[in-house]
Structure formats: C-alpha cells, structure tokens
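Every read-out reported here was derived from the displayed coordinates using simple, explicitly stated rules and does not represent laboratory data. A quick note: this is a predicted structure, and the numbers were derived from the prediction, not measured. FYI the Cβ positions are ideal-geometry reconstructions off the backbone, even for glycines, and counts take in every protein chain you see.
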Amino acid sequence: MYTSVLLLFLMASAAQPNIVDLTIPEVLEAGKQGVPIIDVREQVEIHNTGLIPGSVNIPLGHLEDAVNMSPSEFKERYTIAKPGKDDKIILSCMSGNRSKKAIIALQGKGFTNLFNNAGGWKGYDEFNKGK
C-alpha cells in the first residue's frame with residue numbers, strides 16, 4: 001500500500017515541470033547582465049505593444065525550429081547568440097502562460113536553466129506605469 005502511494009507521488013512529481021518565476025525587476029536586471037529574454041508572443045502582438053528592452057521575439061510556434069538552427073543561422077535570424085542548453089534563458093509572453101508552455105517544450109529538448117517572466121508584457125507595462 002505505502003509503496004503504491006509513494007510510487008504515485010514520485011510519478012506525479014516527475015511529471016511536474018520545474019518552472020521558476022521571476023519578477024519584472026529580476027527580469028530587467030538579468031537582461032542587463034546579458035541573459036537572453038525570449039518573447040514567445042506572435043509578431044502582431046509585438047507590433048501592437050513592443051518588446052521588453054533587450055528581448056528577442058521567437059513566437060512559440062517557431063521555437064522548435066529555432067532550437068534546431070545552427071548557431072550561425074540563429075544569430076543571423078534573431079541577432080543574438082544561440083543559447084546553450086545550460087545557459088540561463090528567460091521566457092516571456094503577454095501574461096506568463098505561453099512562456100510556461102515554452103519552458104516545458106525547451107525542458108523536453110534538454111534545456112535546464114529556464115526562467116519564466118511571470119508578469120509577462122502586462123506586468124512590464126504595469127511596472128512602467130508605476131514609475
């Protein structure tokens with residue numbers, strides 16, 4: 001009985017993605033230190049709102065293709081160096097939901113040092129209004 005409960009607990013724990021949320025000030029500070037911030041919103045959304053300073057747009061639907069690009073292809077397309085699987089990367093979107101999906105997808109590809117901009121663009125916009 002206890003073995004079954006323990007096994008179920010371990011299986012449930014293994015299925016949970018490891019997502020670490022960052023605040024807007026943490027995201028901005030990390031960006032200043034050169035940590036890539038990847039915004040996974042669609043290009044039309046970026047056109048309507050803009051990007052968090054220092055971030056690059058790779059729509060969620062293009063993320064797998066981007067990961068499979070050579071470093072030179074990636075740099076040419078996105079103007080930043082292609083992050084390695086152990087490099088710190090921050091994922092962002094409008095509100096933090098699509099960026100969580102991106103983290104799960106990247107974890108499935110072996111990326112290990114991923115962080116979520118929990119507030120997304122909305123949080124960034126609110127943060128700036130408060131200044």
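What to note about this one:
- With 5 Å bins beginning at zero, the pair-distance distribution over Cα atoms of the chain amounts to 2, 11, 19, 23, 18, 10, 6, 4, 3, 2, 1, 0 %.
- 18 Å Cα-Cα threshold exceeded, pairs from Lys75/Lys101; Lys75/Lys100; Lys32/Lys88: Lys75/Lys101; Lys75/Lys100
- The stretch 18-129, relative contact order in percent, only Cα pairs under 8 angstrom and at least six apart counted: 34
- Structure remark: mean-square fluctuation, Gaussian network model of the chain, C-alpha springs under 10 Å; the largest value among Lys100, Lys82, Lys32 belongs to Lys32.
- Mean Cβ neighbour count within 10 Å, used as a protection proxy, ranking 69-77, 113-121 highest first: 113-121, 69-77
- Spatial separation of Cα centroids for the stretch 17-35 and the stretch 44-91, in angstrom: 15
- Mean ellipticity per residue at 222 nm, deg cm²/dmol - from DSSP H runs of n ≥ 4 across the chain, formula -39500 (n - 2.57): -14500 deg cm²/dmol
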